[in-house]
Amino acid sequence: MDIAGQPISLPEWSPIIEDHLSSRQPIVNLASGGEGVYDAIFIGGGAAGRFGSAYLKALGGRPLVIDRWPFLGGSCPHQACVPHHLFSEAAAILDRERWLGGQLWFRACEDVRASILDVVDVFRKGRVSAHAFMNWQTKTQLEVEYILNTPARAIDPGTVEAAGQTFRTRNIVIAIGAHQNRLDLPGADLPGVFDFGTLVEDLDYDPRKCVIIGGSKVAVEYGSFFQAAGCQTTILTRSPLLRTQNLHHVDEDVRRYVVDGMRKRGVEIIEGGSPIEIKGTDRVEAVIAQGPGGETLHIDCDFVFNGVGETPNSALPAQWLGVQVGPRGEVVVDKRMRTSVANVYAAGDLIGPPMEMFKARKCGMTAARNIMGEPYEFDFSEYPDFLHTTYEMSWVGLTEDEARERYADVVVIQMPPKDIAHEDIPLPVAEGTMLYAFLKPELSGFQKCVIDGDTRRILGFHHVGYGAKDAFQYLDYLLRRPEGITIDEMGQMNELFLNPEHFIQLCRLRAGRRGLVDL
Ligand code: FAD
Ligand code: COM
């Protein structure tokens, strides 16, 4: 389908994408039929490729972006972040109904159950609207050329082939993402074994008993949703939960509060366990595992969820162009996103962790700026992070333990204060936790601010609750400025009471003191 020069309105996009999801017909939006030389061709139009191509266009360059799916935006709107947020929101609502069941207007708790299949169906039916928006915005507003619904292949650093045509370019930016690691176990191919992608594509029954293998972010997030929906969930993980290699700066008190909360909500967590085999005939029936003490476990289930993480799709770029690949399968780049091959850049999940949207989008932008002659380095060694259990956890900067290893005088401001039991105080409280505060105070959240007492600079913020995630984008910026942010400056800020994170008011309560002490 050639759409160059055709105005396509936003509502017209959805049926076009629906039709192309089951066809191999490319959607071609090229100026001058793709003649001439591009400044950059982006292979992969996910977050990294879409933002990179848009930025390059904005800087006055000529980009082309090619994706094998019939839409731009990549895995985020199709299988990853967007369903994850839908499921996590459902989980938070379900949990609240269960905890408050039988009180006020809440139904009695035995009635709280949801069909996972129905929620997945809601996502399936609605996801194309995000795809339509990405295609419309990229063509109509951002004026970026693209070819969709066809894979691309780099022939050399100046030539890309797609849909039977070759295109010339000064640079290539490869942004083809990552793939779910396979479960290396007997029975891993049985019906009833899912991952985040196959869950939204293939689920056709309502699971009642789930085993999650692995302790990735996705494992924690999806496990919390399955449990909240009423599907008894066991998480089987080698490392302690939230202590995996890719998660940094998770404060131990926060971790304990969250993992205890998951257990309170009924999730069975087996840390130090490893799977041996998945058993079943027509569908999975059990996971056989070795428990933390070496004992053999037999866990009945009708659903197994693979939560063992992802690996970058580096095999193709290595084969096409010989780019260097690192020990974890990532395409190796410098801070300008340059690979080992001149004029070839890589971006997003393809270059390894953190596999997060901010990094993917900013990598794309970084490649674009450097290609267009604006030297720009992106260092993502420090960043704000978040994770859903059914709570929203947000954090940035050092944990208390990390701070104590590096600084002589560490001061901690936290709520509830140290040595006060969570059930004894309905704080922190704000939108999203008001009902918990009054009816189930131990569930109203937890927060901690870590400070260097000598310089009064804040070293880390950590929050468990709802609705504070937005603030962390700005806290991250303030924390990482060369001058950082002090407890005194926090105390000067104007809070919108009742705000979900109380760092401002707590800092103000202590900021008047010359010698800082814990609060
Ligand atoms: P992708 O979005 O995967 O894009 C790669 C694109 O390349 C795809 O569109 C694919 O079709 C295309 N492609 C592949 N091969 C070819 C080829 N040969 N030719 C042409 N095109 C090709 N991050 C967050 O920040 N917040 C979240 O809440 C969050 N939730 C997540 C939940 C889940 C379940 C998962 C799995 C991830 C989540 N992430 C989240 C991570 C986030 O989704 C990724 O970091 C991000 O989507 C990576 O973008 P990307 O452009 O690198 O890759
Ligand atoms: C967001 C996808 S769902 S993108 O980053 O805007 O392309």
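Which one, L498, Y436, N306, is farthest towards the positive end of the dipole of the chain when Lys and Arg carry +1 and Asp and Glu -1 on their Cβ?
Checking the options against the dipole of the chain, the answer is L498.
Rounded to the nearest 20 debye, what is the charge dipole size of the chain about its Cα centre when +1 sits on each Lys and Arg Cβ and -1 on each Asp and Glu Cβ?
920 debye
Leaving ligands, DNA and RNA out of it, rank T140, T233 by accessible area with a 1.4 Å probe, largest first.
Reading off the accessible areas and sorting them downward yields T140, T233.
Taking a probe of 1.4 Å, how large is the accessible area per residue of region 50-153, in Å²?
42 Å²
Working from Cα positions, state the angle (0 to 90°, nearest 10) between the long axis of helix 10-21 and the longest principal axis of the chain.
With both axes taken from Cα atoms, the answer is about 80 degrees.
Can you run phi through the Karplus equation (6.51, -1.76, 1.60; θ = phi - 60°) for region 196-203 and list ³J(HN,Hα) in whole Hz, with x for Gly and Pro?
So the Karplus estimates, Gly and Pro as x, are 4, x, 5, 4, 7, 8, 10, 4 Hz.
In region 180-339, what % of DSSP beta bridges are antiparallel (nearest 5)?
45 percent
Compute the long axis of helix 469-480 from its Cα atoms, compare it with the longest principal axis of the Cα atoms of the chain, and write down the angle in degrees, 0 to 90, nearest 10.
Orientation of helix 469-480: about 80 degrees from the principal axis.
Tell me which of L64, G293, L479 sits at the most positive position along the dipole axis of the chain, charges placed on C-beta atoms (Lys, Arg +1; Asp, Glu -1).
Of L64, G293, L479, it is L64.
For region 464-519, what is Rg from Cα atoms divided by 2.2 N^0.38 Å, rounded to two decimals?
1.16
On the protein heavy atoms, probe 1.4 angstrom, tell me the percent of accessible surface of region 347-492 carried by carbon and sulfur.
Carbon and sulfur: 51 percent of the exposed surface of region 347-492.
Considering only DSSP beta bridges whose two residues both sit in the chain, what percent are antiparallel, to the nearest 5?
60 percent
Between H298 and Y477, what is 0.36 nm times their sequence separation minus the Cα-Cα distance? Round to one decimal in nm.
Result for the pair: 59.7 nm of gain on full extension.
For S14 and Q245, compute 0.36 nm times the residue count separating them, minus their Cα-Cα distance, and round to one decimal in nm.
Between S14 and Q245, full extension yields 79.2 nm more.
Once Rh is set to the Kirkwood radius over Cα pairs, what Stokes-Einstein translational diffusion coefficient, in µm²/s, holds for region 329-396 at a temperature of 4 °C and a viscosity of 1.567 mPa s?
Roughly 101 µm²/s, to the nearest whole number.
For region 301-393, what is the accessible area per residue in Å² when the probe is 1.4 Å?
Result: 37 Å² of accessible area for each residue.
For region 8-128, what is the convex hull volume of its Cα atoms per residue in Å³?
Normalising the Cα hull of region 8-128 by residue number yields 149 Å³.
For region 153-250, build the charge dipole from Cβ charges (+1 Lys, Arg; -1 Asp, Glu) around the Cα centre, then report which of A178, T198, A188 sits farthest towards its positive end.
So the residue furthest toward the plus end is A178.
Could you provide, to the nearest whole Å², the per residue accessible area of region 451-519 with probe 1.4 Å?
51 Å²
Report the extension gain between A342 and E201 in nm, rounded to one decimal, defined as 0.36 nm multiplied by the number of residues separating them, less their alpha carbon distance.
46.9 nm
Say the cut-off is 18 Å between C-alpha atoms; which of K440/K469; K448/K469; K264/K469; K57/K335; K264/K440; K418/K448 go over it?
K440/K469; K264/K469; K57/K335
Once the whole set of protein chains is in place, how much accessible area is left on S88, using a 1.4 Å probe, in Å² to the nearest 10?
My reading of the accessible area for S88 is about 10 Å².
Between A511 and C109, what is the spin-label point distance in nm, taking each point 7 Å from the Cα along the Cα→C-beta axis?
Between A511 and C109, the simple spin-label model gives 4.1 nm.
First measure r as the distance between the Cβ atoms of A4 and L496, then evaluate 1/(1 + (r/R0)^6) with R0 = 56 Å and state the FRET efficiency to the nearest 0.05.
Rounded to the nearest 0.05, the efficiency is 0.70.
The values are calculated or read from the model by the stated rules, or taken from the named source; none is laboratory data. All figures in this text were calculated on a predicted structure; none of them were measured in a lab. No Cβ is skipped: glycine too gets one built from the backbone with ideal geometry, and neighbour counts run over all protein chains shown. Remember, those area values only see protein heavy atoms, side chains included, never the ligands or the DNA or RNA. Shrake-Rupley method; radii C 1.70, N 1.55, O 1.52, S 1.80 Å.
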